[in-house]
Amino acid sequence: MLSKTMEDALNRQVNREFYSAYLYLAMSAYFESASLKGFAKWMRVQAREERTHGEKIYDYIIARGSKVTLGDIEAPKGKWTSAGKVFEDVFAHEQKVTAMIHNIVELATKEKDHASFDMLQWFVKEQVEEEANAGDILAQIKTVGDVPGHLFYLDHQLGKRE
Ligand code: FEO
């Protein structure tokens, strides 16, 4: 069984992962409204991935015989002015998520909760990838120029994500 502190921390993280899904869905809707269908698809897939992150922690809480507590999901910001602004927010958001994951890893270490430490290593690695993906796309947007007409090729490439 998890300690109450660990149970609370993991439940909070479930909430943040579902918030991430909601945030990326809002970004997907923004790209739909900007007629950048490839970006919209990429965000839609990202939102789906975030839900699986939340469910992975949810399943783990249950596997440890502890209690899942689902709280309110914060409403994401729904307006952006350009693709670059969106990906600046993605990058900043993923850095925050990384810090949250690292805090829970530190808690697991402090509590000598080896199973949670082990489960969280998947997220530590995933966050490296999440930050790298956001950073790469942001750099590409800056290279081609952050205006819809210039983003056509990138939009086509991002639309290939399944
Ligand atoms: Fe689940 Fe993008 O962090």
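Every number in this text was worked out from the coordinates using simple rules, so none of it is lab data. Bear in mind that the values here come from a model prediction, so they are computed numbers and not experimental data. When we count neighbours, we look across all protein chains shown, and the Cβ atoms used for this are built from the backbone with ideal geometry, even at glycine.
Values as computed for the structure displayed
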read-out: Additional length obtainable on full extension of the chain from residue 144 to residue 5, 0.36 nm per residue less Cα span; value: 45.4 nm
read-out: Ordering of 53-60, 78-85 by burial proxy (mean other Cβ atoms within 10 Å per residue, highest first); value: 53-60, 78-85
read-out: Ratio of the Cα radius of gyration of the chain to 2.2 N^0.38 Å, where N counts its residues; value: 1.13
read-out: Fewest-first ranking of 33, 20, using other Cβ atoms within 10 Å as the exposure measure; value: 33, 20
read-out: Residues 1, 119, 100 arranged by fewest to most Cβ contacts within 10 Å; value: 1, 100, 119
read-out: Packing-based order for 121-132, 4-15, using average beta carbon neighbours within 10 Å, highest first; value: 4-15, 121-132
read-out: Unsatisfied cross-links (Cα-Cα over 25 Å) in the set 56/85; 56/110; 41/67; value: 56/85; 41/67
read-out: Karplus-derived 3J(HN,Hα), 6.51/-1.76/1.60, for each residue of the stretch 106-122, Hz, glycine and proline x; value: 5, 5, 4, 5, 4, 8, 6, 8, 5, 5, 5, 4, 5, 4, 6, 4, 4
read-out: Theoretical ellipticity at 222 nm over the chain - DSSP helices of four or more residues, -39500 (n - 2.57) apiece, nearest 500; value: -27000 deg cm²/dmol
